[in-house]
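Beneath this line is the structure, given in structure tokens, with notes to follow.
The values are calculated or read from the model by the stated rules, or taken from the named source; none is laboratory data. Keep in mind it's a predicted model, so treat the numbers as computed, not measured. Reconstructed Cβ throughout: ideal geometry from the backbone, glycine too, with neighbour counts over all protein chains shown. Protein only, heavy atoms only, side chains kept; ligands, DNA and RNA dropped before computing areas. Shrake-Rupley method; radii C 1.70, N 1.55, O 1.52, S 1.80 Å.
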Amino acid sequence: MEHIRQFDWCYSEPDRYFVNEEDLDNCVTEKILRNQFHNPMASSDSEDEKPTFDWDKIFSRDETSDKQHRTFVPGLRGLPPFPKLSALTHQQHYQCLKVLCAQSPHILVQEFVPRPTKQDYKVFEEVQAIYAKEQKEFIEWAKSLWTTGHCIRALRPKPPVESAYEAEYQTRAKGLESFPKNYQMAAQIPLESNNEKFEMMFEKELISVDISVLPQIKSPEPIRSRLSIMSPIAVPEPCTKHPCRFVLPNESTTTILPLTEVHRELAQYALENGAQFIASEKALKCLMEVDRYWTVCLSVCEAFTLDGEKRNVLVLGNEFFLMRECAQMRTYRAFRHLLQYAFVPDLEKSKLFYKNNKRPERKNYLSSRVNEEEDREVSSDDEDSLFIVADTQPNGNSDTDPMETDEVKSLDEEVSKQTKVDPVSSPVKGVNGNKNKNKDKNDFYKCTCEDTLFERPPPRSFRKWRLRNITSQENYDVVVHCAHKVKGEVGEVILEPIPEYQLDLGASQLSKEKMRSLALSLYLRKNASLMNIRIEGPSGDVVRCDTVNLDDLVKSDGDMLPAISNVVGTTLNQLQGLLPGHYLLQHEPSHGTNALLYSSRLSDGGERLTLDFGCKQLPEADEAKSLKAPPILAPILLPAHKFRKILPCAFTPNETQVAKETRRPANKQKAPPQALTLEADAGSYGNVKVPSLGIARCVANRFRDITRESWSLRKVLRC
């Protein structure tokens, strides 16, 4: 144990306060300063290795890198010249902005704003009266700016907008070829009643749609880079073989029937399910929007019950355009078409063909003169596979309307003229879809949508609803069919574009009528959500995206189902009892809550209406009136508001952003000419002013001229 005692357990090396040369050679900092730092992961011991990092480039100031790290603000524009300062201070703007950012946390996530405190909420409640007063003044000022610069932007939609609208216009015009062209005003239909109350209840699911087959869209939030929907995409073309892009309830392929026959098939389907009305979703949405122009086609068709009794069924078709609409509506309809393809990722674009949806098959055959020439074997025992078109009887005892028989004759003559085939040439592609290499250019059944994105329309669901009149205890059963296009992470999504033209001033507000229309789409579907996408009108850039479901919509705007039920119930109540035939229901904003019903049965007198789809523009008076009406602004938070720390629909609190008054320069008093100046002689005549030397010279010169003239006059008289 002696050696343990001798060992000094408290011994330690002395501290070194200086760095040796050997330490400097092995120091990484020294190598960095000498720009000789080697990558430690590289297996090289050579001192001649080239430096991995260029420190001169890293520490140098690069302007491009500063731009990349700057926060991207969608729709950021230059500030307008504010006419006055805000009634709220900088601090109040920031405190209220923190409350608004907490309510919309998905707006410009990159820009950090702290969470509001109790004091911020208190200030937000205290300044509400001042803020509301300033909002009204701001909106009135924004209306005055609409006719200067913002209206010009709305007048010129870009080529993708015009091409998408023209394609939709031509497609709908092609579908209405089978409808009568001349109409006469028959009645005025009220769309809303204050004396009666209706209740709308879901009754039965007739045909459902598998949501899994729909393409899933990708939400653009948060927007970290420029996202524009202005891209060249495929647009539908009018198809001669498929004039209506519609799949009948008992079929699995796109129908080849004209619109009049499609309405008859829908009427028969509605009667088989115990309903007196069948309507499309677009037609019911038009009934809600009484603040714009719209025209809906409707038919009253005769259907047969199982006992062979005739019943009249009212069919409400889709909306169509009599003439090209104003610039704002063209932009809106084109954006609605472009949105679906802009938000669908590449992996989901194959589902846009909608070919995986399976529906019960039913074979319908069209008996016509063209089909008689084709080899087709149909079993006489299969009654469901036959579709009989009523032909004119030679004795004239037909149950159909004489005008309809004339239309059938003209249609048959047109078909026979356009389907004449040369016996030498090969047969053309007919109704049965036989493909031939040598097709006649004038083929009446030429299909332009085959093997394209528009070969099959989106799947359609059919649901039965009951409208009960609480006042008279009457019930109306109606079948509503809706198209389902895209889905989200949870369920189906309805895309709604909101074109913005005054982004430097604020966001546009949706009208009460438009909110009812969007709420109706949510009521007609299960577990659906609404995605409102604000898009800058001139450029097509996405600015803000809001996703709400039916519960959120009810919390913010209240329950709109009673108002919707009242409009639908009143309209159906007024339209029942019409005679079989084809009608048009037209509405203008000047009509209020009424619409005009046009009938194809012509008589003497009355206002006439002719369907002429010649790409006509709106009258200049209507075009100017629609453009002069500015969009209504609302205090909706935009990314630019959060970035600039300014409340929406409020004036700026910064004095440098207020427009300076252009003052005229003061009129300088010019000095009078030297000949007219007067100098006061203090030594003589007291206060009397004496002419200066300049005036004396003028007087002397004038006197000299007078004397010369007098001498010349004397010489003349002497002579």
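At a glance:
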{"item": "Of the criteria (1) over 22 Å from Asn312 (Cα atoms); (2) buried (at least 17 other Cβ atoms within 10 Å of the Cβ); (3) touching a residue at least 40 places away in the same chain (Cβ under 8 Å), which one Thr593 fails", "result": "(2)"}
{"item": "Those residues of segment 497-524 which are charged (D, E, K, R) and either free of Cβ contacts under 8 Å to residues at least 40 places away in the same chain or surrounded by fewer than 20 Cβ atoms within 10 Å (Cβ to Cβ) (or both), in sequence order", "result": "Asp504, Lys512, Glu513, Lys514"}
{"item": "Positions within segment 223-249 being in a loop (DSSP other than H, G, I, E, B), within 20 Å of the chain's Cα centre (by Cα) and over 19 Å from Arg460 (Cα atoms), in sequence order", "result": "Ile223, Arg226, Leu227, Ile229, Met230, Ser231, Pro232, Ile233, Ala234, Val235"}
{"item": "Filter result for Tyr183 (open to solvent by less than 10 Å² (accessible area, probe 1.4 Å), farther than 24 Å from Phe643 by Cα and either over 25 Å from the mean Cα position of the chain (by Cα) or among the β-branched types (Val, Ile, Thr) (or both))", "result": "yes"}
{"item": "Sole exception among (1) modelled with pLDDT under 95; (2) assigned to a helix (DSSP H, G or I); (3) open to solvent by less than 60 Å² (accessible area, probe 1.4 Å) for Glu134, by number", "result": "(1)"}
{"item": "Residue that is touching a residue at least 60 places away in the same chain (Cβ under 8 Å) and not hydroxyl-bearing (Ser, Thr, Tyr), where the choices are Leu306, Leu322, Leu347", "result": "Leu322"}
{"item": "Flag for Val315 being at pLDDT 90 or above, closer than 30 Å to Arg544 by Cα and open to solvent by less than 20 Å² (accessible area, probe 1.4 Å)", "result": "no"}
{"item": "Spans of strands (runs of 3 or more DSSP E) in segment 250-323 with at least 2 residues polar (S, T, N, Q) and within 25 Å of Gln574 (Cβ to Cβ)", "result": "294-304, 310-320"}
{"item": "Residues within segment 198-217 that are open to solvent by less than 40 Å² (accessible area, probe 1.4 Å) and among the aromatic types (Phe, Trp, Tyr), tallied", "result": "1"}
{"item": "Filter result for Ser539 (outside any strand (DSSP E or B), in contact with a strand residue (DSSP E or B) (Cβ under 7 Å, 6 or more places away or on another chain), of a type in the set (S, T, N, Q) and open to solvent by 10 Å² or more (accessible area, probe 1.4 Å))", "result": "yes"}
{"item": "Tally of residues being surrounded by fewer than 20 Cβ atoms within 10 Å (Cβ to Cβ) and over 29 Å from the mean Cα position of the chain (by Cα) across segment 169-179", "result": "1"}
{"item": "Residues satisfying the stated conditions in segment 87-116, i.e. touching an Asp or Glu at 6+ places or on another chain (Cβ under 6 Å) and touching a residue at least 60 places away in the same chain (Cβ under 8 Å)", "result": "Ala87, His106"}
{"item": "Residue pairs meeting the criteria (Cβ under 8 Å; at least 6 apart or on separate chains; first closer than 15 Å to Ala283 by Cβ, in segment 562-590; second of a type in the set (Phe, Trp, Tyr) and assigned to a helix (DSSP H, G or I))", "result": "Ile564/Tyr523"}
{"item": "Filter pass, Gln128 being at pLDDT 90 or above and crowded, with 18+ Cβ neighbours inside 10 Å", "result": "no"}
{"item": "Criterion: touching a residue at least 24 places away in the same chain (Cβ under 8 Å), in contact with a Leu (Cβ under 6 Å, 6 or more places away or on another chain) and surrounded by 19 or more Cβ atoms within 10 Å (Cβ to Cβ) - qualifying residue of Leu257, Leu339", "result": "Leu339"}
{"item": "Residue pairs meeting the criteria (Cβ under 8 Å; at least 6 apart or on separate chains; first without any contact (Cβ under 8 Å) to a residue 60 or more places away in the chain, in segment 283-294; second open to solvent by less than 30 Å² (accessible area, probe 1.4 Å) and not hydrophobic (A, V, I, L, M, F, W, C))", "result": "Ala283/Gly317; Ala283/Glu319"}
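Here's the yes/no breakdown for (1) modelled with pLDDT under 90; (2) of a type in the set (Phe, Trp, Tyr); (3) under 60 Å from the mean Cα position of the chain (by Cα); (4) closer than 30 Å to Pro220 by Cβ:
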{"position": "Gln617", "(1), (2), (3), (4)": "yes, no, yes, no"}
{"position": "Glu623", "(1), (2), (3), (4)": "yes, no, yes, no"}
{"position": "Lys645", "(1), (2), (3), (4)": "no, no, yes, yes"}
{"position": "Pro648", "(1), (2), (3), (4)": "no, no, yes, yes"}
{"position": "Thr662", "(1), (2), (3), (4)": "yes, no, yes, no"}
{"position": "Ala680", "(1), (2), (3), (4)": "yes, no, no, no"}
